[in-house]
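Here is the structure we will look at, set down as C-alpha cells.
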Amino acid sequence: MGTTAISPSRILKDLDALWLSLGEEQQHEPPVSGAPGASPVLRACAMTLIAVVDTDDVTVGETLAMLVRSHPSRLIVLTVTSGDAPSLQAGVTAQCWMPFGKRQQICCEQISMSASRVSLQEIPPVIRGLIVPDLPVACWLRGRNLIQTPELDGVIGLADKLIVDSGGVADLSAQIGYISTHEAGARRVCDLAWTRLTRWREAIAQLFDDAVGAERARRLERIRIEYQGAHVPMSAYYLAAWLRHSLARSLKVEIVRVGDFERARVCSVHLAEQATDVSITVTTDRDVQLHAGARDAHTVFPRLSEYELLREELSVLGPDSVYESVIAAVPALLAESEAAPS
Amino acid sequence: MTPSSNPFRDATRFERRVRPCALVIFGANGDLTKRKLIPALYRLAYEHRLPPGFAVVGNSRTEMTHEQFRDKMREAVLEFTEETPFEEKIWNDLATGLYYDSGDLKDAGCYTRIKARLQEIEHSRQTGGNILFYLSTQPSHYRAVIHGLGVANLAKPGNGAWRRIVVEKPFGHDLASARELDDAIPRVFNEEQVYRIDHYLGKETVQNILAFRFGNSIFEPLWNRNYISSVQITAAESIGVEGRGAYYQEAGALRDMIQNHLLQIMATVAMEPPAAFEAQTVRDERAKLLRSIRPFTHDEVRLNAVAGQYGPCRVGGQALAGFREESGVNPEAQTDTYAAVTFTVDNWRWAGVPFYIRSGKRMTKRVTDIAIRFHSAPHSPFQTGNHDSASWAGPNLLVLRVQPEEGITLRFLSKLPGSGMKLRPVEMDFKYGSSFGMRSPAAYETLLVDALTGDATLYTRRDMVEASWEAVHPIMEVWQNTKKEFPNYEAGSWGPKASDEMLGRRGHSWRVP
Ligand SMILES: NC(=O)c1ccc[n+]([C@@H]2O[C@H](COP(=O)([O-])OP(=O)(O)OC[C@H]3O[C@@H](n4cnc5c(N)ncnc54)[C@H](OP(=O)(O)O)[C@@H]3O)[C@@H](O)[C@H]2O)c1
C-alpha cells in the first residue's frame, strides 16, 4: 500500500459522486409509493462516527453496518496499518439498508482511510475537514493495540465522545489514567466494560425496589465481588465503585479470584448485612441466580454483541454522572487493593 | 421504596422495565384488540420489553377456548403488525401467557370467573398480583365493568401490588355523560389508578412537539401572539367510514377527532412549559390550556364552526359513495363527517391568535399536521423597481408533520439566482427518518408500556377530558338543533365552502397540506 495525497475536499467530491450514482441506480427501481416526488434513497446522518481499527480487523464492518441503522452517521473508518513506511489511503462507500416493511432505502456514507503509525499525525486535519458540521462526533478506539497510542491523540481530540473497551485489559491503573486524561473539557469517555455492567446493575437495583429491599440497602455492610480469569477485570472495580457511590458509604470491599476463565470477568456479587445477604451469581455463561434473603430467582443476561453495546453508548451522548463518579472513585479502590495484604 | 428512590437506579441507562403482571382486556374479540393491542404486545415481546410470566386474560361474549383465542390473536399479529417480522418463537412465548374467559359484562359471575383465573395465573406465572384492566369494549359498558370490578374486589390490591385501569376513548359522548363516568370511577378506583387513553398523545411526533418547543431555545421566544398570526391543525383521512358507518353516524368528526385528539394536540402546541416532564406537571399545563379555550356563545358557534358531510362523487374513474349511501347509515343522517372550528385562547400568550382545527373523512389525502403561520415581515425593502418581494407567497410557515412522513418544514424566502432581487419561497425540510434510522414505536406500544410501568404523563386526566368537552359543548348544542344542508362537500375535496369562508372572514385561508 503506498501513499496518496488525501484531501477532505477530494473525499467530499467523491461522496457527492457516490450520492449521484446511488440516486441514478435507484431511478431504475419502481417509484416509492405514497410520497410524490420522494427520493427512493434517504440520506441519513445524525453524527460523525470515527472508528479506529487494527489492520486485521475483519468483523468491524458488520458491527458498523448494524450500528448506523440505529445511529445514522457519517462513518470514518481509520485503519492503522503495520509497517514503518509512510502510507495513506482513502475511499468512499455507502452503507444502505431497506427498513422492514418500507420501500425507501436509507443510506449512510462511509469514508475508509488507512494510515501507518508514522503517517497518523497527518490524519487529524483530513478528518477535521470531513466532520459533519454542528453534529456530535464520537470516536471508537476499537483496536486492542491502539489504546495507548499517542499518535492518535490528534484524532481523539476531534471527538466529543471517546469509546474504549477495558475488557481484557490487565494494567488497570494505566487504563484509568488514560481514561481520566482524555476526559478533558467537554469530551466524555466511556468504556464498553462499563456498558456490559448495565444488566448486572439493573439486576442488583431490582433486588432493592421494594420496601424490604430499601431497609436492607440501609443495613449493607460488606461487598464481595468474585471474578474468574488471570487478572482482576476492570468491571470488578467499576461495580465496587458504583455500589459505594450508590450507597454513599465507604463499605468494605473484597475482590476475590475464584477460578479461571478465558477472559477475566466478574462472576458473582455478594452484598451482605448482618441478618441476610443478597447475591447475584452467573452460573453458566449467561444464566444468573439472584438471591435476596429467603427469595431466589433466576434470570438470563443475554450475551451482548459489540453492536448492542455501542448502540447503548451512542444513546448517551450527554453527561453520564454515574459513570463519572465511578471513574473518580476507582483509583482509590485500586490503591486500597494494593495496600491490602495479598 | 419506589423505583425512583432506589439508590441503585440509573435513569440514564436503565430501560423502564415492566414488572411481572397480567393484562385483562375487556372486548378481546373486538377490532381494537386485533388491530392495535395484540400487535403492540407482540412488538414489545419482540423487543424483550415484556417481563417473563407476562399474561393476558381476554374477555368478550363469544365462546372460545384458550387455544382458539391464541389462534385468532396469531392471525391478528400476522395481519396487522407493521414493520416487524413475525417470529414463531417470540409469538409462542407470548401465546403461552394468553388466556380467554367468555362472559357477559352485565353478569356478576363474569368477574368472579376472571378473578379466579387471575388468582391461578398469579401462582402459575408469578405475576405478583399486579393487574392492568383495559376497557376495549363498547363505552356503554364502561360503568358496568368498573362496578363489576369493584364488587369482585379486584380494584384494590394487597401486598404492595398494583391495579390500574385503561379507559379507551370515547370518554363519554358529551359533557354530561363524561361527568357521569367520571363520577362512577372514584367509587372503585382512585384517580392515580385511571389511565384515560388518547392515542394521539402516544404518537412519537406529538411527543416531539414538546421536545421541539422546550428542548430548543430558538423557537419558544417566537411562540406567542407577537410573532404567530394563526395556527392550523389538520387531520384529514382519504378513506370513508369503512364499514363502521353505524358507529360513526352516532359520533361524527367533532366528537371522534376534535374533542379528543385534536384538542390534545392543540394543548401540546399551546401549553406553557412544564417544570419537569412528569405526569403531574405536564398534565397540569395541558389542562390549564384546555381550560383557557374561550367558550362560544350560540351566535359565535355559527361564525366559528362548520359541519360538513361528504356526498357521492367519482374520483379517478371510481365511483365513491356519499356518507348517506354507506351501509348502516341513515339516508337522512345529520352526522358531521367533516368539522372545522376556530378556537381562541384567553391568555396573554395567545390572545387574538386563531387556532383553526379541521378534520374530515374522504378528503383529498391522508395527512395530519400542524402549521404555525408567522406574521409578515414588518417592512420589505424588495418591493420597488424590478424587485419581487414574493409577498404572494405568504409569511414564514413552520409545519410539524405528524403523519404520514413525520418531520418539520420551515418555509422562508430566498433570493432567486440571477440579477435583481427576486425572492422565492423555499423549504428547509427535516425528516425524522434521516436522523433516526430506527423505527418509531407505535402509539399503543408506548402507551401500554407507560400504563404497565405506572407513567401517566401521556394519558389524559379527568379535568382535561371535561375541559375539552366544555370547549365543544356549545357547538354540539347548536348543531343538534340545526338541520344542516348535507351533503355539502365532495369526496376527494378539502371540505365545504363554508369552511373556507370561516377563515376568509379573518383574512386567512386554509393551506393545502
Ligand atoms: N377499533 C379501533 O380502531 C378503535 C380506535 C380507538 C378507540 N376505539 C375504542 O375501543 C373500544 C372498542 O372498540 P372496537 O372497535 O374494538 O369495538 P368492537 O369491534 O365492536 O368490539 C367490541 C368488543 O366488546 C365485546 N362486547 C360487547 N358487548 C359485550 C358484553 N355485553 N359483554 C362482554 N363483551 C362484550 C365484543 O364481544 P363479542 O365480539 O364477543 O360480541 C367485542 O369483543 C370502543 O370504545 C372504541 O371506541 C377503537
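Across the range A:144-182, what is the number of residues that are touching a residue at least 24 places away in the same chain (Cβ under 8 Å) and either aromatic (Phe, Trp, Tyr) or under 21 Å from residue A:128 (Cβ atoms) (or both)?
Looking only at that region, the number is 16.
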Query - the range B:58-79 residues that are under 23 Å from residue B:135 (Cβ atoms) and at pLDDT 95 or above, paired with ones that are more than 14 Å from the ligand (Cβ to nearest atom) and part of a loop (DSSP other than H, G, I, E, B) (beta carbon under 7 Å, 6 or more apart) - result: B:77/B:86
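May I ask you to verify whether residue B:46 is crowded, with 17+ Cβ neighbours inside 10 Å and within 14 Å of chain A (Cβ to nearest Cβ)? It would help to see each step written out before you state the result.
Details: crowded, with 17+ Cβ neighbours inside 10 Å: yes; within 14 Å of chain A (Cβ to nearest Cβ): yes.
Against the criterion (crowded, with 17+ Cβ neighbours inside 10 Å and within 14 Å of chain A (Cβ to nearest Cβ)), residue B:46 qualifies.
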Query raised in the report: Here are some residues: A:221, A:151. Which one is closer than 24 Å to residue A:243 by Cα and either loosely packed, with under 15 Cβ neighbours inside 10 Å or touching a helix residue (DSSP H, G or I) at 6+ places or on another chain (Cβ under 9 Å) (or both)?
Result: A:221
Query raised in the report: Restricting attention to the range A:84-101, and to residues there that are free of Cβ contacts under 8 Å to residues at least 40 places away in the same chain and in a strand (DSSP E or B), which single residue is nearest to the other protein chains (Cβ to nearest Cβ)?
Result: A:97
Query raised in the report: What are the residues in the range A:316-325 that are under 29 Å from residue A:68 (Cα atoms) and assigned to a helix (DSSP H, G or I), if any?
Result: A:321, A:322, A:323, A:324
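Select from the range B:347-360 the residues that are among the basic types (Lys, Arg) and surrounded by fewer than 24 Cβ atoms within 10 Å (Cβ to Cβ) and list them in ascending order. Show your work before the answer.
From the range B:347-360, those among the basic types (Lys, Arg) are B:349, B:358; that's our starting set.
If the condition is that a residue be among the basic types (Lys, Arg) and surrounded by fewer than 24 Cβ atoms within 10 Å (Cβ to Cβ), then B:349 is the only one that fits.
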Report task. Just one of (1) within 16 Å of the ligand (Cβ to nearest atom); (2) of a type outside the set (Ser, Thr, Tyr); (3) away from chain A (no Cβ under 14 Å) trips up residue B:80, so point out which. Result -> (3)
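Report whether or not residue A:106 is over 24 Å from residue A:82 (Cα atoms), at pLDDT 85 or above and more than 23 Å from the chain's Cα centre (by Cα). Give the derivation first.
On the way: over 24 Å from residue A:82 (Cα atoms): yes; at pLDDT 85 or above: yes; more than 23 Å from the chain's Cα centre (by Cα): yes.
Against the criterion (over 24 Å from residue A:82 (Cα atoms), at pLDDT 85 or above and more than 23 Å from the chain's Cα centre (by Cα)), residue A:106 qualifies.
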Query raised in the report: residue A:55 fails exactly one of the following numbered conditions: (1) within 17 Å of residue A:156 (Cβ to Cβ); (2) of a type outside the set (Lys, Arg); (3) away from chain B (no Cβ under 13 Å). What is the number of that condition?
Result: (1)
Requested in this report: Being under 20 Å from residue B:259 (Cβ atoms) and of a type in the set (Asp, Glu) narrows it down to one of B:299, B:336, so name that one.
Outcome: B:336
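If the requirement is being touching a helix residue (DSSP H, G or I) at 6+ places or on another chain (Cβ under 7 Å), of a type outside the set (S, T, N, Q) and either more than 14 Å from chain B (Cβ to nearest Cβ) or not in a helix (DSSP H, G or I) (or both), which of these qualifies: A:185, A:177, A:129? I'd like the intermediate steps shown before the answer.
On the way: A:185 fails: touching a helix residue (DSSP H, G or I) at 6+ places or on another chain (Cβ under 7 Å); A:177 fails: touching a helix residue (DSSP H, G or I) at 6+ places or on another chain (Cβ under 7 Å).
One residue alone meets the criteria, A:129.
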Query - helices (runs of 4 or more DSSP H) wholly inside the range A:202-315 containing at least 1 residues that are more than 30 Å from residue A:50 (Cβ to Cβ) and within 14 Å of chain B (Cβ to nearest Cβ) - result: A:211-219, A:234-247
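Could you pull out the residue among A:221, A:273, A:262, A:215 that is of a type in the set (Asp, Glu) and closer than 21 Å to residue A:339 by Cα?
Numbers: A:273 fails: closer than 21 Å to residue A:339 by Cα; A:262 fails: closer than 21 Å to residue A:339 by Cα; A:215 fails: closer than 21 Å to residue A:339 by Cα.
Testing whether each residue is of a type in the set (Asp, Glu) and closer than 21 Å to residue A:339 by Cα leaves just A:221.
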Query raised in the report: Regarding residue B:40, is this residue more than 14 Å from every other protein chain (Cβ to nearest Cβ) and surrounded by fewer than 21 Cβ atoms within 10 Å (Cβ to Cβ)?
Result: no
Query raised in the report: If you check residue B:442 against the conditions, is it crowded, with 21+ Cβ neighbours inside 10 Å and within 14 Å of another protein chain (Cβ to nearest Cβ)?
Result: yes
Requested in this report: Would you check if residue A:332 is free of Cβ contacts under 8 Å to residues at least 12 places away in the same chain and part of a strand (DSSP E or B)?
Outcome: no
Query raised in the report: Which residue, of B:19, B:9, is within 12 Å of another protein chain (Cβ to nearest Cβ), under 19 Å from residue B:134 (Cα atoms) and in a loop (DSSP other than H, G, I, E, B)?
Result: B:19
Requested in this report: Report, by residue number, each residue of the range A:72-100 that is of a type outside the set (A, V, I, L, M), more than 22 Å from residue A:14 (Cα to Cα) and in contact with a Ser or Thr (Cβ under 8 Å, 6 or more places away or on another chain).
Outcome: A:81, A:82, A:83, A:84, A:86, A:100
Query - Total residues in the range B:95-111, condition assigned to a loop (DSSP other than H, G, I, E, B) and either near the ligand (Cβ under 7 Å from one of its atoms) or in contact (Cβ under 8 Å) with a residue 12 or more places away in the chain (or both) - result: 7
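Here's the yes/no breakdown for (1) closer than 21 Å to residue B:236 by Cα; (2) more than 14 Å from chain A (Cβ to nearest Cβ):
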| residue | (1), (2) |
| --- | --- |
| B:384 | no, yes |
| B:407 | yes, no |
| B:436 | no, no |
| B:465 | no, yes |
| B:492 | yes, yes |
Requested in this report: Please enumerate the residues belonging to the range B:129-156 that are touching a Leu at 6+ places or on another chain (Cβ under 7 Å) and of a type in the set (Ser, Thr, Tyr).
Outcome: B:134, B:136, B:137, B:142
Query raised in the report: Out of all the residues in the range A:137-148, is one or more more than 16 Å from the chain's Cα centre (by Cα) and crowded, with 16+ Cβ neighbours inside 10 Å?
Result: no
Report task. Look through A:313, A:262 and report the one residue that is among the acidic types (Asp, Glu) and buried (at least 17 other Cβ atoms within 10 Å of the Cβ). Result -> A:313
**Report entry** Residue selected from the range B:112-158 under the condition small (Gly, Ala, Ser) and within 11 Å of the ligand (Cβ to nearest atom), by the criterion farthest from the other protein chains (Cβ to nearest Cβ)
**Finding:** B:140
Query raised in the report: Residues in the range B:196-213: is at least one under 30 Å from residue B:508 (Cα atoms), within 14 Å of another protein chain (Cβ to nearest Cβ) and either within 16 Å of the ligand (Cβ to nearest atom) or more than 19 Å from the chain's Cα centre (by Cα) (or both)?
Result: no
Requested in this report: Return the only residue of B:161, B:176 being surrounded by fewer than 20 Cβ atoms within 10 Å (Cβ to Cβ), aliphatic (A, V, I, L, M) and either within 10 Å of the ligand (Cβ to nearest atom) or not in a helix (DSSP H, G or I) (or both).
Outcome: B:161
Query raised in the report: How many of the residues in the range B:52-69 are outside any loop (DSSP other than H, G, I, E, B) and more than 16 Å from the ligand (Cβ to nearest atom)?
Result: 2
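Checking the structure you have, find out if any residue of the range B:30-42 is away from the ligand (no atom under 16 Å from the Cβ), in contact with a Pro (Cβ under 8 Å, 6 or more places away or on another chain), closer than 28 Å to residue B:105 by Cβ and at pLDDT 90 or above. It would help to see each step written out before you state the result.
The initial filter retains those residues of the range B:30-42 that are away from the ligand (no atom under 16 Å from the Cβ), namely B:42.
Those left that are additionally in contact with a Pro (Cβ under 8 Å, 6 or more places away or on another chain): none.
No, every residue in the range B:30-42 fails to be away from the ligand (no atom under 16 Å from the Cβ), in contact with a Pro (Cβ under 8 Å, 6 or more places away or on another chain), closer than 28 Å to residue B:105 by Cβ and at pLDDT 90 or above.
The values are calculated or read from the model by the stated rules, or taken from the named source; none is laboratory data. Not measured: the values here are computed from a predicted model. Every residue, glycine among them, receives a Cβ derived from its backbone with ideal geometry; neighbour counts consider all protein chains shown.
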